[in-house]
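Each reported figure results from applying straightforward, stated rules to the coordinates on display, with no laboratory input. Quantities reported herein were computed from a predicted structural model and do not represent experimental measurements. Glycine gets a Cβ as well: all are built from the backbone with ideal geometry, and neighbour counts include every protein chain shown.
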Amino acid sequence: MKRILTGLADIIFPSRCLTCDFILDHHENFPVCPSCFSKIKFITSPICICCGIPFTGVDESDHLCGDCIVSKPAFSLARAVGHYEATLLDTIHNFKYRGKISIGKILGQLMAGYEYPAFNISDFTLVMPVPLHAKRLRERGFNQSVILAKEIAGRHHIPLDFLTLKRYIYTEPQVNLGKKERESNVRRAFDVKGREKILNRKIILVDDVYTTGSTVKECARILMKKGATSVAVLTLARAV
């Protein structure tokens, strides 16, 4: 019966590529056409063992990058599925800016099932999304990071907390700001409501894109200050 229903769904509502809208031959776990899938540049070793930025040399081993040697972030490590370009960029934009919320579940499942270098999701005890300010949440209508985090938490049976970490200060969008401006823009924008909920917890902090890392670094700083044991950052894409 399930096969019959699936077959009927394929005819009436054919599965389409998330990026180019091409009709797919059959349902896929990550529904993109072969052409678009080939444009995803997945992040694998060699990478920085802390911030996760990929290195270009194929014969290199994982090691700290120059930025992390000079100024170690508050998080213990950061990992991402792929480069913020081509298919991943288009898919994230469709999800985040064009209101195609259903795409978020698929992207979250991709994050939940990806094998990150030197990182095991099951080692952690709490999943937290990067919060939006209430004004931004009203404007967008949803928090993309909550949708992604829910899939990760559910897949690995880890508690999800999207209420304790708060964004109390409304800030300008980061997209047009430089690195130093981004850092200043989010400084002290976040805080924790009820520190007992994160005390001695190993936290995975989830966001959609790691650009300069300013937002997740500030969130991690607050979480560590308020009693978390460690904070790891997980994003769908990484701007490099």
Problem set entry | Under the Debye formula (equal points on every Cα, no solvent term), log10 I(q)/I(0) of the chain at q = 0.08, 0.11 Å⁻¹ | -0.31, -0.59
Exercise. Helix 2-12 versus the longest principal axis of the chain: what angle, 0 to 90°, nearest 10, using Cα atoms?
Worked result: 80
Exercise. Where does each of Leu107, Leu165 land when they are ranked from fewest to most other beta-carbon atoms within 10 angstrom?
Worked result: Leu165, Leu107
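In deg cm²/dmol, rounded to 500, what helix-only [θ] at 222 nm does the chain give when every DSSP H run of at least 4 residues adds -39500 (n - 2.57) and the total is split over its residues?
Numbers: 9 runs with 83 residues, N = 240.
For the chain, the value works out to -10000 deg cm²/dmol.
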